[in-house]
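Presented below is the structure to which this report refers.
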Amino acid sequence: MNKIIRNIVILLSSLVLLTGILIISILWVFSSNLPDYKFLKSYKPPVSSKVYSGEGELVNDFSTERRIFVPYKAIPIKVINAFLSAEDKNFFTHPGVDARGVLRATINNISNIVASRRLEGASTITQQVAKNFLLTNEVSLNRKLKEVILAFRIERALSKERILELYLNQIYLGEGSYGVASASLEYFDKPISELNYDETSLLAALPKAPSRYNPYKNIELAKFRRNLVLQNLFENSHINKKSYEKFINNEILLKKRKKIFLEDTRYYVEDIRKNVIDKFGYEKVYKQGLNINTPINLNLQKIATQSLRNGLIRYDKRKGWRGSILNKKNLNNWSDNLEKFKLERSINWKLAIVKKIKKFSVEIETDNKLKGFIKYENISWTKKELNELFKLGDIIYVENIDENNYALRQLPEVNGGIVVMDPFTGRVVALSGGFSFKKSEFNRASQASRQPGSAFKPFVYALALENGYTPSTLILDAPLVLEQGSDLKMWKPENYGKKFYGPSTLRMGLEKSRNLMTVRIAKDLGLKKLVNFSKQLGIYDNPSELLSISLGSAETTLLKLTSAYCSFVNGGKLIKPIMIDRIQDSEGNTIFNNEKRKCINCDQISSLSNKYPNIENKFPQIFSPETAYQMTSILEGVVQRGTGRKLKNLNLDIAGKTGTTNKNTDTWFIGFTSKLAVGVYVGSDNPTSLGRYETGAKTALPIFKSFMKNAIKKKEARPFKVADNILMMVIDPLTGQKAQFVSKTTIIESYKKNITTKENFINLDINNRLKNNNILRFY
């Protein structure tokens, strides 16, 4: 008997020893190639970089994983309780692996196998951290053993709080959201600190299967899973019975974050994205949580975008109907595979199919299954009959007018851009580079190099004023033939309309946009001087040294040209466009700052003091403040009497200049108030004529006007500041001479005090001077 007992003991000891050796061997084998887990101590998950407007509103983010990192101390107890109840209720007591959980899952899975149900898992949160950070999603015994070993090691190396912090910031919770903070904004549009238990339970329900339990896709299934988590919370004594019954009866109330401004700012944001990646690299921008502060004004951005779109639509309507997007034979599942034709929500157009054509209306069905009509008055711009316009099955764009009444829409063939700037700092407060970012990401405001045409002329005249000319200088407006070089043919510039007006004042030349006068001024100044001036202003990089540059024949961008116009209103200072104010890293350290101005003695001025801070800027003086004001005055004349006179009825103090290139290929209007500079460009991506009468005044100017009308109030467009050394005099605008009396035709002209303007101008033989030099200057 003793011998039998002894043999049994020996056998059991041997089995234990062998089992121990086997376990140690397995652990040794699987431990040898385990990834390093120690980096988790200092690990920071990838965090999206945020782009903020000038008012501090979130505009966009750059991320591979949309995440907002929240430290453990900032995570509410409701969130912690919900996730522990759903995933690992023994988290704070087990050593990394929950033996009771494993045993429970094993017993339950026996019945699950018999019933062909899904198997139950027993992974702890620590095991999930090991899998998510260090292993793959491979389903195998090999991976499971590694996961267990790593879980034990992680528990020894990290605190429970750190493990939970990693988990709650790393997990994927659907809708592109990683971590609880990002998911809270995505599903409820509020921070995690404001969530109640039924909301945290919904978030805690998602890790099992984010797509399956996504409340946007299957709200009933999401509610079922949420209620299971609430039941666990009740069983774990985190909520009482009354709260439990209240929460399970609550409907799931979702609230997506509004992203309408995001669509309107896509062109602006894309330029910022490229800029910061060039500065800091992709990894830093997409994973290290930069805070990017920009000058964007969301209200002005919305108005600018809408003004541009409406202007392009108006032009496109003048060119008539080009036909439907496509035609579908199957009228039932017609909306399938049309994703590429969908536009931004802010455009508010719908895709629709023509279901029935009547005598005075068309029956349609939109892609969201709404039925409606297009009446004849809403297609009158096409100048065609209904049966000429449509066929059954035509896919078209429509816009809802009221109830079931729709208007026909058409995607414009032309495109354009608009830029709105602070002329004193260069901060770009609004920018749009096209009709639809979804249809084309090419930015016509910052990327499209085009000829500015007459919009360049003000810089020729500014250079003239810097070199002894006055606004009253007479220039001959008559035919001119010029040599351009040995390999080039003779150049014979012409005025728009091919008329000549004889001797005219410099002011008149710019107000009426006279080509021949502009070329004569440029010839007198010297081509080299004009080219260098355009480079200093940042308009051109390396333009060809031809006199045609004076008429805007070289290429530039809308952003560069608008920036150069800022020098007229800011007193002759050269500014550069600023699209990023400041960038801070995830810890709040400033790593980039575009603020170049300094506040002198600001620390010595009390908030109760009557003294104003002295802001010192170091912007280069590109031309004199006197020249800047004279040019502003002349450009005001463009609006009052010249090519920009369609703006006159706004009754605002506005200055600006139209621009139209040869064959009306590109059209411009650049203008400004005392506070804002605005540039508009309209043209085709593959340069072609916009039409015989499509000038800057007809295509670009109405967009500028629409923006000004909706964005600028009378009190914001104050009179322009007069430079110190300016003398005012009433003159006859036709002769440039001092007026003997004031009348409706006389104007107040501005002169530099250092150039003496005599009451009775020097009696000269005008005809001889004009014949010899083409220029007659009054001093």
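The values are calculated or read from the model by the stated rules, or taken from the named source; none is laboratory data. Keep in mind that what you see is a predicted model, and the values were worked out from it rather than measured. Positions of Cβ are backbone-derived with ideal geometry, glycine not excepted, and every protein chain shown enters the neighbour counts. When the accessible area is computed, the model is the full protein with side chains, heavy atoms only, and any ligands, DNA or RNA have been set aside. Shrake-Rupley method; radii C 1.70, N 1.55, O 1.52, S 1.80 Å.
Every residue, every condition in (1) more than 14 Å from I395 (Cα to Cα); (2) open to solvent by 50 Å² or more (accessible area, probe 1.4 Å); (3) touching a residue at least 40 places away in the same chain (Cβ under 8 Å), yes or no:
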site: P295; (1), (2), (3): yes, no, yes
site: I303; (1), (2), (3): yes, no, yes
site: L308; (1), (2), (3): yes, no, yes
site: L312; (1), (2), (3): yes, no, yes
site: K317; (1), (2), (3): yes, yes, yes
site: N327; (1), (2), (3): no, yes, yes
site: N332; (1), (2), (3): no, yes, no
site: K340; (1), (2), (3): no, yes, no
site: L370; (1), (2), (3): yes, yes, no
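Within the option set I583, I539, I521, being buried (at least 20 other Cβ atoms within 10 Å of the Cβ) and part of a loop (DSSP other than H, G, I, E, B) holds for one residue only, I539. Selection over the range 37-67 of residues that are over 18 Å from K287 (Cα atoms) and polar (S, T, N, Q) gives a count of 1.
Scanning the range 701-722 for residues being of a type in the set (G, A, S) and at pLDDT 95 or above gives a total of 2.
Among what's in the range 203-222 and is of a type in the set (A, V, I, L, M) and touching a Leu at 6+ places or on another chain (Cβ under 9 Å), pick the residue that is farthest from E235 (Cα to Cα). Among those residues, the one meeting the criterion is I219. Restricting the first member to the range 434-457 and to residues that are modelled with pLDDT of 95 or more and open to solvent by less than 10 Å² (accessible area, probe 1.4 Å), and the second to residues that are of a type in the set (K, R) and part of a loop (DSSP other than H, G, I, E, B), the beta-carbon pairs closer than 8 Å and six or more apart or on different chains are G434/R444.
What number of residues within the range 171-206 are assigned to a helix (DSSP H, G or I) and either touching a Lys or Arg at 6+ places or on another chain (Cβ under 8 Å) or open to solvent by less than 10 Å² (accessible area, probe 1.4 Å) (or both)? Break it down into steps so the answer makes sense when it comes.
Going through the range 171-206, the residues assigned to a helix (DSSP H, G or I) turn out to be 180-188, 192-194, 197-205.
Remaining after also requiring either touching a Lys or Arg at 6+ places or on another chain (Cβ under 8 Å) or open to solvent by less than 10 Å² (accessible area, probe 1.4 Å) (or both): 180-188, 197-198, 200-205.
Total satisfying the criteria: 17.
For the range 273-305, taking the residues that are part of a helix (DSSP H, G or I), in contact with an Asp or Glu (Cβ under 7 Å, 6 or more places away or on another chain) and not basic (K, R), the one that is farthest from R67 (Cα to Cα) is identified as T305. Tallying residues that are surrounded by fewer than 21 Cβ atoms within 10 Å (Cβ to Cβ) and part of a helix (DSSP H, G or I) within the range 248-265 yields 6.
Could you pull out the residue among S13, S48 that is open to solvent by less than 50 Å² (accessible area, probe 1.4 Å) and either at pLDDT 70 or above or of a type in the set (S, T, N, Q) (or both)? Even if it seems obvious, please write down each step before you answer.
Values: S13 fails: open to solvent by less than 50 Å² (accessible area, probe 1.4 Å).
Of the residues listed, the single one that is open to solvent by less than 50 Å² (accessible area, probe 1.4 Å) and either at pLDDT 70 or above or of a type in the set (S, T, N, Q) (or both) is S48.
Being in contact with a Phe, Trp or Tyr (Cβ under 9 Å, 6 or more places away or on another chain) and open to solvent by 30 Å² or more (accessible area, probe 1.4 Å) is the filter here, so list the residues in the range 69-86 that pass it. If the condition is that a residue be in contact with a Phe, Trp or Tyr (Cβ under 9 Å, 6 or more places away or on another chain) and open to solvent by 30 Å² or more (accessible area, probe 1.4 Å), then K78 is the only one that fits.
Quick one: is L351 open to solvent by 20 Å² or more (accessible area, probe 1.4 Å), on the phi < 0 side of the Ramachandran plot, of a type outside the set (K, R) and in contact (Cβ under 8 Å) with a residue 40 or more places away in the chain?
When the stated conditions are applied, L351 does not pass them.
Would you check which residues across the range 321-376 are over 23 Å from E413 (Cα atoms), touching an Asp or Glu at 6+ places or on another chain (Cβ under 7 Å) and not in a loop (DSSP other than H, G, I, E, B) and list them? Matches in the range 321-376: K355, K356, K371, F373. Scanning the range 556-579 for residues that are of a type in the set (A, V, I, L, M, F, W, C) and either open to solvent by less than 10 Å² (accessible area, probe 1.4 Å) or over 22 Å from the mean Cα position of the chain (by Cα) (or both) returns L558, L561, A564, C566, F568, V569, L574, I575.
Do we have any residue at all in the range 587-596 that's touching an Asp or Glu at 6+ places or on another chain (Cβ under 9 Å) and part of a loop (DSSP other than H, G, I, E, B)? Yes, some residue in the range 587-596 is touching an Asp or Glu at 6+ places or on another chain (Cβ under 9 Å) and part of a loop (DSSP other than H, G, I, E, B).
Only a single item in (1) polar (S, T, N, Q); (2) assigned to a loop (DSSP other than H, G, I, E, B); (3) in contact with a Ser or Thr (Cβ under 9 Å, 6 or more places away or on another chain); (4) open to solvent by 50 Å² or more (accessible area, probe 1.4 Å) is not met by N686, and it is number (3).
On the given criteria, is G691 on the phi < 0 side of the Ramachandran plot, in contact (Cβ under 8 Å) with a residue 40 or more places away in the chain and of a type in the set (G, A, S)? No. Take E494 and decide whether it is closer than 15 Å to M517 by Cβ and open to solvent by 10 Å² or more (accessible area, probe 1.4 Å). It is true that E494 is closer than 15 Å to M517 by Cβ and open to solvent by 10 Å² or more (accessible area, probe 1.4 Å). Number of residues in the range 689-717 that are among the hydroxyl-bearing types (S, T, Y) and open to solvent by less than 30 Å² (accessible area, probe 1.4 Å) equals 3. Somewhere in the range 381-395, is a residue on the phi > 0 side of the Ramachandran plot and open to solvent by less than 80 Å² (accessible area, probe 1.4 Å)? Among the residues of the range 381-395, at least one is on the phi > 0 side of the Ramachandran plot and open to solvent by less than 80 Å² (accessible area, probe 1.4 Å), which makes the answer yes.
So is A677 over 25 Å from K319 (Cβ atoms), within 26 Å of the chain's Cα centre (by Cα), in contact (Cβ under 8 Å) with a residue 24 or more places away in the chain and open to solvent by less than 10 Å² (accessible area, probe 1.4 Å) or not? Judged against the criteria, A677 is a match. Filter the range 87-97 for residues that are of a type in the set (D, E, K, R) and assigned to a loop (DSSP other than H, G, I, E, B); which is surrounded by the fewest Cβ atoms within 10 Å (Cβ to Cβ)? This residue is K89. Annotation note: Cβ proximity below 7 Å between a residue of the range 56-81 that is without any contact (Cβ under 8 Å) to a residue 24 or more places away in the chain and a residue that is open to solvent by 20 Å² or more (accessible area, probe 1.4 Å) (sequence gap 6+ or interchain) occurs for L58/K50; L58/Y52; D61/K50. If the condition is being out of contact with any Leu (no Cβ under 8 Å at 6 or more places or on another chain) and either in a strand (DSSP E or B) or surrounded by 24 or more Cβ atoms within 10 Å (Cβ to Cβ) (or both), then the range 409-424 contributes only R409.
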